[in-house]
Each structure stands twice: as C-alpha cells, then as structure tokens.
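Accompanying notes for the structure given below.
The values are calculated or read from the model by the stated rules, or taken from the named source; none is laboratory data. These numbers come from a predicted model, not from an experiment. Glycine also receives a Cβ, built like all others from the backbone with ideal geometry; neighbour counts cover every protein chain displayed. We work out accessible area using only protein heavy atoms, side chains counted, and drop any ligands, DNA or RNA first. Shrake-Rupley method; radii C 1.70, N 1.55, O 1.52, S 1.80 Å.
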Amino acid sequence: MASLQNSGILVVDKPAGITSHRVLERMKRLARRSKLGHGGTLDPFATGVLPVFVQRATRLVQFFLHGDKEYEGRIRFGWATDTHDLDGAPLGPAQPCGAGPADLEAWVQEFRGRIRQRPPAFSAVKWQGESLHVHARRGRPVEAREREVEVHRLEVGGDARLANSRRVGGKPALFVMVVGETARAANWGLGSY
C-alpha cells in the first residue's frame, strides 16, 4: 500500500455488511496515516462503487458529492419492515400487491424531475454529528428536513407485482426506501433494498 502516498482516486467495490466509513478506516490503517476521504455514503447493506480520494485528491470530494449519481434499488410490494430496508423486522406477513404495471408507471411519474424528499430515520444523513440511523436505533428518531432532489431517470422493471427494480439517476441522492414507503401509503406494501 505504499502507493497510497501518492494522490489520486481509488475505485473500491464496497461489499455488503460494511459501512463506507469502515472501508475508509481499513484503508487508512493499511496506508499508515494517509489522508483519505470518500465520495458518498452507501448503506451497510448496499454494494457498489465507493470512490476513495487519496492525499491531495481529497480536495476534490466536495465537487464529487454534488454530481449526478446512479443507484439501483429494489422495492418489494406487499411486504414492509420497521426500518424500510432489509435490516428491519417485518411489520407483518407478506400480502398480495394490488397494483399492476400501468399503476406503477403512473406512480413513478410523481418521482421524476425535481421533487422534495425527507431522508428516512434509518439513513446515514447526519444530525448533530451522528447519522440519523444511530438516533433511530436508540429509540429517538429524528425527522430530518426535506431536501430537493432531481431525478433524471426512474424506471419500473421486473415483475411489477413482486419486486421492482428501480434505476435512479439524480442529485443529491434519492432515497429509494422513501419512494417505496409511498407505495405502502397507497396500500401496496413495501420493502426496499
């Protein structure tokens, strides 16, 4: 890891089960005090590209965080958890979804373009120096302020009655679990991951 003494951007394929912060901690230990930063937080269960900025390249993080990003998530209709993701406890048995492909296509229209969205209580968004999910797991969930999100693309795919893939491209990050929660409000149920 001696090469980390140079500046640059490393592309890390983050596995499930580890936080973005933990990836950085491990890399810092291997690099022995290298200055590192990452280009966006992924949930612990999420997998994907985590750009890691090394040494002088850490100055570029601020520009990267506000760029377009693309996510792929899955909303499982007819099923819900207390955290709106795979880590939560089921809120009840799975139920059939009453929505068909045309219903879902009309529904996702509401999430295209500029929308306002409130980050979920179980997210990595910071409040008073700690992630919202830390407060929520202590039994003191915080209601974060809404933020404007611009969604360039949101598509319905897969079997519309079971699990639907969502391709999301936008800035800042769109919380797929919040998109899924609106389906539950429509009595379709959900789980998102």
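Below is a table of values for the structure above.
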{"item": "Among residues of the range 4-56, those that are basic (Lys, Arg) and at positive phi, counted", "result": "2"}
{"item": "Residue in the range 14-37 that is farthest from the chain's Cα centre (by Cα), counting only those that are among the aliphatic types (A, V, I, L, M) and surrounded by 15 or more Cβ atoms within 10 Å (Cβ to Cβ)", "result": "31"}
{"item": "Residue within the range 67-88 that is within 19 Å of the chain's Cα centre (by Cα), open to solvent by 30 Å² or more (accessible area, probe 1.4 Å) and among the hydroxyl-bearing types (Ser, Thr, Tyr) present", "result": "yes"}
{"item": "When residues of the range 29-47 are limited to those that are at pLDDT 85 or above and either in contact with a Lys or Arg (Cβ under 6 Å, 6 or more places away or on another chain) or of a type in the set (Ser, Thr, Tyr) (or both), the one farthest from residue 130 (Cα to Cα)", "result": "47"}
{"item": "Residue pairs meeting the criteria (Cβ under 7 Å; at least 6 apart or on separate chains; first open to solvent by less than 20 Å² (accessible area, probe 1.4 Å), in the range 130-141; second among the acidic types (Asp, Glu) and not in a loop (DSSP other than H, G, I, E, B))", "result": "none"}
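Residues checked against (1) of a type in the set (S, T, N, Q); (2) touching a strand residue (DSSP E or B) at 6+ places or on another chain (Cβ under 6 Å); (3) closer than 20 Å to residue 132 by Cα:
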site	(1), (2), (3)
27	no, yes, no
58	yes, yes, no
67	no, no, no
74	no, yes, no
83	yes, no, yes
97	no, no, no
101	no, no, no
105	no, yes, no
